[in-house]
Amino acid sequence: MRPKIVLCFPHEERHRQAIAAAAPWGDVVSVSQERIAEELLEADIFCGHAKVPVDWDAVVKRGRLVWIQSSAAGMDHCLVPSVIASNIVVTSASGVLADQVAEHTVALITAWLRSLPTFFWAQQREEFVRRPTRDLHRGRILIVGFGGVGRRLAQVLQVFKTRISATDLFPVDKPTYVEKLCPPESLEELLPEADITILALPLNDKTRGMFGRDQFARMKSGSLFVNVARGPIVRTDDLVDALEKGPIAGAVLDVTDPEPLPPGHPLWRLSNVIITPHVGAQSATRADDITRLICENLRRWHTGQPLINLVTDKTAGFPFRDGSTPLWIDVCDSIKGDF
């Protein structure tokens, strides 16, 4: 029986056709979010991101699904205990949208440092009033999580003549423009040095709630906190307290916990916070880039080649930079696609 390859991510017919051409040995079908929970029970391969509740325990028990190719970098949407314990192969989209997240992060940081929200409000009131601003150039940056997004952020931020440090579970392959690349245990000693601290790590059991009162207390007075990773990595009440009482001067957030923030939440009213609605990975070429990854991995799957972004430890939820799998951020320039 030909394997059924189910697609559920924003794409056009031309993308489905490209994926079908890359996998002529399978039957490729596009499915809406409204139908994905049902269709997963009959899928052999799933390429996408289910944004609706899915009975993953039933999918695992059905025993048909053999591979999940996520269209998102974060894997918390599917890595429930039953999937983790199963033999289902999992590959992520880590690094595919790193350009966009890096671009959005720089936009948020510079908007906060240059007081742009203040000037936007003044423009609406037709006021020509100068306000104090701050500098990104030559600032000390700490990137927490040095995967696809973290590495691309470092590449972009180094042109501002910043001094960059980072922590990662695999502190290897340090770029020359990064001063320090340290294991996670070094976070406590690096926090007091940073003018800007950026979270770019995945959400899993070890990172959930990892940033709270103790970490904020160690941050440099007057520093900026940035979260473009996942909201639940941060204890929101502790963040609000640190923003109201110090030591941090402000925050820029593309993700929150809860998400979306309900009306009346304290974060909405804080003037030292910029919030965007989890749009960092949005891109005009997103469907093209995700399709390139899917097509290449389907070819590799069929020919027995190593899969890109293979999640070898599903409890961690991200591909390791340990030589166990090719990483998209390293190989993407050599992979073509015309859709």
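The values are calculated or read from the model by the stated rules, or taken from the named source; none is laboratory data. The structure presented is a predicted model; accordingly, all values stated were derived computationally and were not measured. All Cβ positions, even for glycine, are placed from backbone atoms using ideal geometry, and neighbour counts span all protein chains on display. Just the protein is used for accessible areas: all its heavy atoms, side chains included, with ligands, DNA and RNA removed. Shrake-Rupley method; radii C 1.70, N 1.55, O 1.52, S 1.80 Å.
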- Of all the residues that make up region 128-146, how many are assigned to a strand (DSSP E or B) and surrounded by fewer than 24 Cβ atoms within 10 Å (Cβ to Cβ)? 1
- Query: Which of the residues spanning region 46-77 are assigned to a loop (DSSP other than H, G, I, E, B) and either small (Gly, Ala, Ser) or touching a Ser or Thr at 6+ places or on another chain (Cβ under 7 Å) (or both)?
  - Reply: His49, Ala50, Gly63, Ser71, Ala72, Ala73, Gly74, Met75
- Task: Quickly run through region 10-55 and pick out the residues that are over 25 Å from His302 (Cα atoms) and of a type outside the set (D, E, K, R).
- Result: Ser32, Gln33, Ala37, Val52, Pro53, Val54
- Note on the structure: Selection from region 275-293 of residues of a type in the set (Ser, Thr, Tyr) and at pLDDT 95 or above yields Thr276, Thr291
- Message: Out of everything in region 97-122 that is part of a loop (DSSP other than H, G, I, E, B) and modelled with pLDDT of 95 or more, what residue ends up being most open to solvent (accessible area, probe 1.4 Å)?
- Response: Arg114
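To keep it simple, each residue is scored yes or no on (1) under 25 Å from Ser92 (Cβ atoms); (2) in contact with a helix residue (DSSP H, G or I) (Cβ under 8 Å, 6 or more places away or on another chain); (3) of a type in the set (Lys, Arg).
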| residue | (1), (2), (3) |
| --- | --- |
| Arg125 | no, no, yes |
| Gly139 | no, yes, no |
| Val149 | yes, yes, no |
| Leu157 | yes, yes, no |
| Tyr177 | no, yes, no |
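Criterion first (modelled with pLDDT under 95, open to solvent by 60 Å² or more (accessible area, probe 1.4 Å) and assigned to a loop (DSSP other than H, G, I, E, B)) does Lys206 satisfy it?
Taking the combined requirement at face value, the residue satisfies it.
Of all residues being assigned to a loop (DSSP other than H, G, I, E, B) and small (Gly, Ala, Ser) in region 276-290, which is farthest from Pro10 (Cα to Cα)? Just the residue, please.
Once the filter is applied, the top-ranked residue is Gly280.
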- Task: Select, from Asp44, Asp57, Asp27, the only residue that is among the acidic types (Asp, Glu), surrounded by 16 or more Cβ atoms within 10 Å (Cβ to Cβ) and over 14 Å from Ile290 (Cβ atoms).
- Result: Asp44
- Message: Here is a check on your reading of the model: is Val255 of a type outside the set (Asp, Glu) and touching a strand residue (DSSP E or B) at 6+ places or on another chain (Cβ under 8 Å)?
- Response: yes
- Residues (free of Cβ contacts under 8 Å to residues at least 40 places away in the same chain, closer than 27 Å to Thr315 by Cα and touching a helix residue (DSSP H, G or I) at 6+ places or on another chain (Cβ under 7 Å)) located in region 183-208: Glu188, Thr207, Arg208
- Message: Among the residues of region 193-203, what is the count of those that are of a type outside the set (Gly, Ala, Ser), open to solvent by 10 Å² or more (accessible area, probe 1.4 Å) and within 26 Å of Phe320 (Cα to Cα)?
- Response: 3
- Task: Say whether the condition of being of a type in the set (D, E, K, R) and more than 16 Å from the chain's Cα centre (by Cα) is met by at least one residue in region 278-288.
- Result: yes
- Task: Inspect all residues belonging to region 26-45 and state whether any of them is under 27 Å from Pro202 (Cα atoms), in contact with a Ser or Thr (Cβ under 7 Å, 6 or more places away or on another chain) and among the acidic types (Asp, Glu).
- Result: no
- Message: If a residue counts only when it is open to solvent by 60 Å² or more (accessible area, probe 1.4 Å), which strands (runs of 3 or more DSSP E) contained entirely in region 209-275 have at least 3 such residues?
- Response: none
- Query: Restricting region 147-172 to residues that are of a type in the set (A, V, I, L, M, F, W, C) and closer than 15 Å to Val226 by Cα, which is most open to solvent (accessible area, probe 1.4 Å)?
  - Reply: Val149
- Message: Pairs please, first residue from region 116-142 and of a type in the set (Val, Ile, Thr), second anywhere and open to solvent by less than 60 Å² (accessible area, probe 1.4 Å) and part of a loop (DSSP other than H, G, I, E, B), Cβ atoms under 8 Å, 6+ apart in sequence or on different chains.
- Response: Thr133/Ser115; Ile141/Thr162; Ile141/Ala194; Ile141/Asp195
- Task: Scan region 294-339 residue by residue and report those that are at pLDDT 95 or above, of a type in the set (A, V, I, L, M, F, W, C), within 21 Å of the chain's Cα centre (by Cα) and open to solvent by 40 Å² or more (accessible area, probe 1.4 Å).
- Result: Leu310
- Task: State which residue pairs qualify: first residue within 19 Å of Ala18 (Cβ to Cβ) and in contact (Cβ under 8 Å) with a residue 40 or more places away in the chain and inside region 322-339, second residue of a type in the set (Val, Ile, Thr) and open to solvent by less than 30 Å² (accessible area, probe 1.4 Å) in any location, beta carbons under 7 Å apart, and separation of 6 or more residues or different chains.
- Result: Trp328/Val96; Trp328/Ile308; Gly337/Thr291; Phe339/Thr291
